[in-house]
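In what follows, a single structure is set out as structure tokens and then discussed.
The values are calculated or read from the model by the stated rules, or taken from the named source; none is laboratory data. As the structure is a computational prediction, the values presented were derived from the model and not from experiment. Ideal geometry is used to build each Cβ from the backbone, glycine not excepted, and the neighbour counts take in all protein chains shown.
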């Protein structure tokens, strides 16, 4: 069952309203879709269009799951200087009217998993980029939405945290969540994604599972990295 439908005719910014155009895809519950492309291709613009952070979007974007809940984890952490780590979690819990007992239990579990329990009453402004990214991930996982929209989540994460995050996303898939991840980590994308969307120059140039991407490239045994380069060469 689809949980998100994206039909972007064009979207962008002041002075560049066509930063991306003709981006059309659906996201099914229980699926993890990778959004890949070179720098400046339009990945973040596409994601910001989906989560309604752009002033100019022409098209139709619908969250069509039962509860229509979404967690957005941006590439750059967005945190409040005056709130501690724990207060950030409490704010998210209040916004989603979470049961207090469940909130405390799940928060403590996630903090322990990402080794942040010892700093839960500290201010994130003193954290490293990786620790701040872990906090953003924890906030997203805390609410367990139907849709995850995640922009470059592995930047700043150490290998252990990356593996823990991937394992948690796999669990969310089993609960029926649909997950869209923008990433430059093609080796990770090849491993974890059920399908791939490749964007170049603001346009969707390929989509499908790895077998379908390989078929498009006429490279039956190629890695996603090799397919990525072959498709971009054909587009240039």
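When 138, 149, 143 are screened for being at pLDDT 95 or above, under 27 Å from residue 53 (Cα atoms) and touching a strand residue (DSSP E or B) at 6+ places or on another chain (Cβ under 8 Å), only 149 passes. Can you list the helices (runs of 4 or more DSSP H) lying wholly within region 13-118 that have 3 or more residues being over 20 Å from the mean Cα position of the chain (by Cα)? The qualifying helices (runs of 4 or more DSSP H) are 85-95, 100-113.
Residue by residue, here is whether (1) under 22 Å from residue 40 (Cα atoms); (2) modelled with pLDDT under 95 holds:
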| site | (1), (2) |
| --- | --- |
| 180 | yes, no |
| 183 | yes, yes |
| 187 | yes, yes |
| 202 | yes, yes |
| 205 | yes, yes |
| 215 | no, yes |
| 219 | no, yes |
| 228 | yes, yes |
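Among the residues of region 20-41, those identified as closer than 15 Å to residue 58 by Cα and surrounded by 22 or more Cβ atoms within 10 Å (Cβ to Cβ) are 20, 23. Restricting attention to region 213-236, the residues that are surrounded by fewer than 14 Cβ atoms within 10 Å (Cβ to Cβ) and either assigned to a helix (DSSP H, G or I) or in contact with a helix residue (DSSP H, G or I) (Cβ under 7 Å, 6 or more places away or on another chain) (or both) add up to 6. For region 4-19, taking the residues that are buried (at least 23 other Cβ atoms within 10 Å of the Cβ) and at pLDDT 95 or above, the one that is farthest from residue 63 (Cα to Cα) is identified as 8. With respect to the conditions (1) in contact with a helix residue (DSSP H, G or I) (Cβ under 6 Å, 6 or more places away or on another chain); (2) farther than 26 Å from residue 95 by Cβ; (3) in a helix (DSSP H, G or I), residue 139 falls short on a single one, namely (2). Filtered by the rule that a residue be more than 26 Å from residue 41 (Cβ to Cβ) and at pLDDT below 90, region 152-167 gives no residues.
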